[in-house]
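Student: One structure, as C-alpha cells, below. Some questions next.
What follows is calculated from the coordinates using simple rules that are stated; it is not laboratory data. All of these numbers come straight from a predicted model, not from anything done at the bench. Because the Cβ atoms are built from the backbone with ideal geometry, glycine has one as well, and the counts that use them run over all protein chains shown.
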Amino acid sequence: MGISYNPEWWPESQWEKDFGMMKEMGFTTVRLGEFAWSSFEPHEGDYHFNWLDKVIVLAKEKGINIILGTPTAGIPPWLYKKDPNVLGANERGAFDYGGRKGFSIYNITMQQAAEKLINAMAEHYSKNPTVLGWQISNEPGYPFMNYDLNSLHAFRKWLKDHYGTIQRLNEAWGGTFWSNQYNDWDEIMFPLNSAEGGWRAGSRVDYRRFFSDSFLWWINFESDILKKYVKDQFIFTNWPDMRWSVNTYKTESLFQITAWDNYSAMPGTCDYHAQFYATKNHDLARCSRKDQLFFVSEQGTQAPTNSDQTAVRLQTYLGFAHGSQGTMFYEWRPPLAGNEQAYKSVLNVDGSYGPAEKEFRRMVKEFGRIGKQLVGATTDADIGMIYSYDNQWEQGFWQGKSLFEMTTTTSADGYDINFQRFYNGVKVLGRNVDIVAPEASKNKYKMMVVPGLQMVSEQVAKQLEDYVRQGGILVLDPMSGTRDMDARTRPLIPPGVFADIAGIKIRTTLLMSKTTGQYQMVLPDGTKATVSKMLEGVELSGAKKMVSFSGKGMEGKPAVTVNQIGKGFVVYVSAISYDKKFYDGLFAHLAKQFKIDPLLKVPEGVEVVSRKNSTGEFLFVMNLTDTEKTVYLPKAMTEIISNKQRFGTMIFPAFEVAIFKAD
C-alpha cells in the first residue's frame, strides 16, 4: 500500500507532518522524484540532492520505503534553452516548451543530459536501504507520436534494418499504388500533411513498431545506467495502460516487475462491465511476465459523488484478485498550482483527510493481515485470449473517444474497443483469463478467444489450427486471417487462412454508417442483439449455424457458426455489435454447449477469480455493482478477510469483497 508524493512542491516544514500522517494511516511506500529534474539540477551540472536526502531520512524514521523516479519526463527550461530539439514533434510541428514528456529520445543533447543526471542519482542513492526501487521516467510513450527530424532518421534506419532492401519495402507497402515507389531510404517521410491518403496500412503499422522499439530502447538506455549501480533495488516503469505505448510482451528482461496506472471508471459510476477495463489490464500485466509479477503504480483515491467510497476498496481488491503485488495511489496531497491543482487525493486541499479515509485505514489493516497468506500466489487460467499489438497498431485504438466510452464499449470502434467487448463477454464464463501474445503456447487453454486477428503469420495460423485439431475451442470474428504481417490483403476468400478450419466462406459484406437496429442477431435463447457497423454474408462449407440474423435480406442467415475440426471447434462471429447482451449471451451459450463450468456460480455483476500458492487455493468473489447480491457457497470455506467460516447463502452488499479458502 503506497502513495505518490511530491515534496518539492511543499515547504520543508510540511514534510515531517505529511510523513507522520502517512505512517499513522498505514502507508508503507512513497513514490517521488519523477518530475523533479529542475529541483535535482536547477542549472546544468549543478546537482542538488540535499533536499531529497532530508526527505528520505524522514521516511526512514517513519518506517516508510521510497520508490525513486528518474525525472526524464519533465525537462528543465535550461535544457530546452540549450537545445530546443530536445523536444520532439507531432503533426503540427515541433513541441514548444511547457508541459511534460514529448522529449525526443534520439536527440543527443537529451541523451547526454539524462545519462549524467541518472548517473549522479544512482551513485547517490543506489546503496540507500530506504530506496526500495526505481521507476523509469513516467508513462513512457505517451503521447504516442514523435515526428521530429531525429526520429525520422531513426525510422529510416529501422526500416532498412527491418526490410534489408528498398525493393522489399516497396513490395510490403504497395508502392506501385499511386506511384509511391522509393528509390532510396532518404526519400521516406512521415506523411503528416499529404495531399490525399497519408499513412498506408504497411507504413502505419511499421511506424508503430518503430515507436515501440524506440521507447523500449530508451527504457533500456535508462535501465542500463541504473544497473551499473543498483544491486538490491528493483527497476520498473509505470505504463499509462498496458497496451498504449510499447509491446509489453518484450519488456520482461528490462525489469524485475511491471506496473501500470489504473484510471478506469470507479465502481458505481456506470455499468459494472466498466470494471473489466481494469481487470483486462491486470490480466495483460500478469501475462507479460512468466513470473506474473506486477503492481498498480497509480490509482484514484476517491470515488465521485455519484458512487460510494467503498468503491476505492473494491477497485484495489480487483487488482489484488488478478495478481497485483501492491497498489500505489495517486496522490497524497492535491497540488495548489500547476496543471493538476486540486487533484482528488488522499488529503483534501486544506490538508484534512479526504472522503475515502475510512477505506484506506480499513484496507491497510486487511492487507496487513491477509497479504502474508497469499505470498507466492499465482493465477492458473484455462481460458485464453490473444492480444496482438501489431493488429492494434494497424487497426487503431481510442479513435478519438473518451476513456469512459472505451470502458463502457457502447459506441466506438478500433482494435482495443473490439477486444474489450469480447473480454467482457468472456467474463461470463466465470473463470480465470490469460491474455497472451500471438506466439504463446496455447495447449493449456480450453478456449482461445481471438478478436481482431486480421494480420496473422503463417506460423501462428498453423499453431491455432493445431490447437483446434487437438481439442481446443477457437473463437474468431470478422476479417480474421485476411492479412499478412505486412498488412497486405491475402489473395484468399475470407476468413483467409482460417476459412478451411472455420468451415465458411465470406463473399459479401454489408457496411453501415451507424447503428440503426435494422439488423439483429438472435441468440439460441431468443435474446436479440443489434448489429452495428457491419455484417458478413456467410456461406457454410462444413460449419453449422449457431446464431441467426434477422432483418431485411438477412432473415435466418448465419451470424455465428461453429465447425468441428479434429477434436476441437472453431466458432466464427460474422458481425460487429455494440450491444453487450450479444457478448454476454454468446459466451453463456458457449459455456453450456462446451460444458465450461464457472469457478463458482454467482449472479450477474459478481466476478470470481482465483489464485494459488503452496498453502492452497483462494477464491475471490467481488460484487461489482451498487446493489445487493446473493451468493451460494456449496461447501464450507474460510473467508479470510473476516476470518470466519462460511457455508450456504451469503448476502453481498454493494461493492463487497470476500476471499474464500477451502478448509
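Student: How much length would be gained if the chain were fully extended between Leu149 and Gln373, taking 0.36 nm per residue of separation minus their Cα-Cα distance, in nm to one decimal?
Tutor: 75.3 nm
Student: Among the listed pairs Lys23/Lys644; Lys228/Lys365; Lys116/Lys250, which are separated by more than 31 Å between their Cα atoms?
Tutor: Listed pairs above 31 Å: Lys228/Lys365.
Student: Now for a separate question. How big is Rg to Rh over region 606-662, alpha-carbon atoms, Rh as the Kirkwood inverse-mean-distance radius?
Tutor: 0.96
Student: Extension gain Ser541-Lys228, at 0.36 nm per residue separation less the Cα-Cα distance, in nm?
Tutor: 106.6 nm
Student: Follow-up. For the pair Glu604 and Gln341, how long in nm is the line joining their label points, each one 7 Å along Cα→Cβ?
Tutor: So the two model labels end up 4.6 nm from each other.
Student: Same structure again: If you average the sequence gap of Cα pairs under 8 Å that are 6 or more apart and divide by the length of region 383-593, what percent do you get for the contact order?
Tutor: It rounds to 21 percent for region 383-593.
Student: About the Cα centre, and with charges only on the beta carbon of Lys, Arg (+1) and Asp, Glu (-1), how big is the dipole of the chain? Nearest 20 debye, please.
Tutor: 1940
Student: For Ala559, which sequence-distant residues (separation of 5 or more, or a different chain) have an amide H within less than 5 Å of its own amide H, given hydrogens modelled in the peptide plane?
Tutor: Met546, Val547, Ser548, Phe549
Student: What FRET efficiency would be calculated for the residue pair Gln564, Lys595, taking the C-beta separation as r and a Förster radius of 25 Å, to the nearest 0.05?
Tutor: 0.95
Student: A follow-up question, please. Report the gain in length on full extension from Val364 to Ile108: 0.36 nm times residue separation, minus Cα-Cα distance, nm rounded to one decimal.
Tutor: 87.6 nm
Student: Taking θ = phi - 60°, what integer Hz values does the Karplus form 6.51 cos²θ - 1.76 cosθ + 1.60 yield along region 363-371, in sequence order, with x for Gly and Pro?
Tutor: Calculated HN-Hα couplings, in order: 5, 4, 5, 5, 5, x, 8, 8, x Hz.
Student: Between Trp78 and Lys612, with labels modelled 7 Å along Cα→Cβ, what's the label distance in nm to one decimal, could you check?
Tutor: 5.7
Student: Hey, how much of the P(r) for the chain falls beyond 39 Å, as a percent of Cα pairs?
Tutor: 36
Student: While we're looking at this one, here's another question. Tell me, what ³J(HN,Hα) does each residue in region 580-592 have, in order and in whole Hz, if you take phi through Karplus 6.51 cos²θ - 1.76 cosθ + 1.60 with θ = phi - 60° and put x for Gly and Pro?
Tutor: 5, 4, 5, 5, 4, x, 4, 6, 5, 5, 4, 4, 5
Student: For the chain, what is the calculated [θ] at 222 nm in deg cm²/dmol (nearest 500), taking -39500 (n - 2.57) for each run of four or more DSSP H residues and dividing by its residue count?
Tutor: After summing the helix terms and dividing by the residues of the chain, the value is -9000 deg cm²/dmol.
Student: Taking the Cα centre of region 606-662 as origin, sum charge times position over the Cβ atoms of Lys and Arg (+1) and Asp and Glu (-1), and report the length of that vector in debye to the nearest 20.
Tutor: So the magnitude is around 300 debye.
Student: Now, a different point. Which parts of region 122-140 would a label at Glu8 reach, counting a residue when its backbone N lies under 19 Å from a point 7 Å out along Cα-to-Cβ?
Tutor: Correct set: 122-126, 131-140.
Student: What does the highest-first list of 455-465, 326-336 look like by mean Cβ count within 10 Å?
Tutor: Order by mean packing, descending: 326-336, 455-465.
Student: Which ³J(HN,Hα) values, rounded to whole Hz and listed in residue order, are derived for region 309-325 from phi using the Karplus coefficients 6.51, -1.76 and 1.60 in 6.51 cos²θ - 1.76 cosθ + 1.60 with θ = phi - 60°, glycine and proline given as x?
Tutor: Result, rounded to whole Hz: 5, 5, 4, 5, 5, 4, 4, 5, 5, 4, x, 4, 5, 8, x, 5, 7.
Student: Let me ask something else. Amide H of Phe294 versus every other amide H placed in the peptide plane: which residues, excluding those fewer than 5 positions away on the same chain, fall under 5 Å?
Tutor: The list, which skips near neighbours in sequence, is Thr258, Gln325.
Student: Still on this structure: What is the calculated FRET efficiency for Ser253 to Asp380, with r their C-beta to C-beta distance and R₀ = 30 Å, to the nearest 0.05?
Tutor: 0.80
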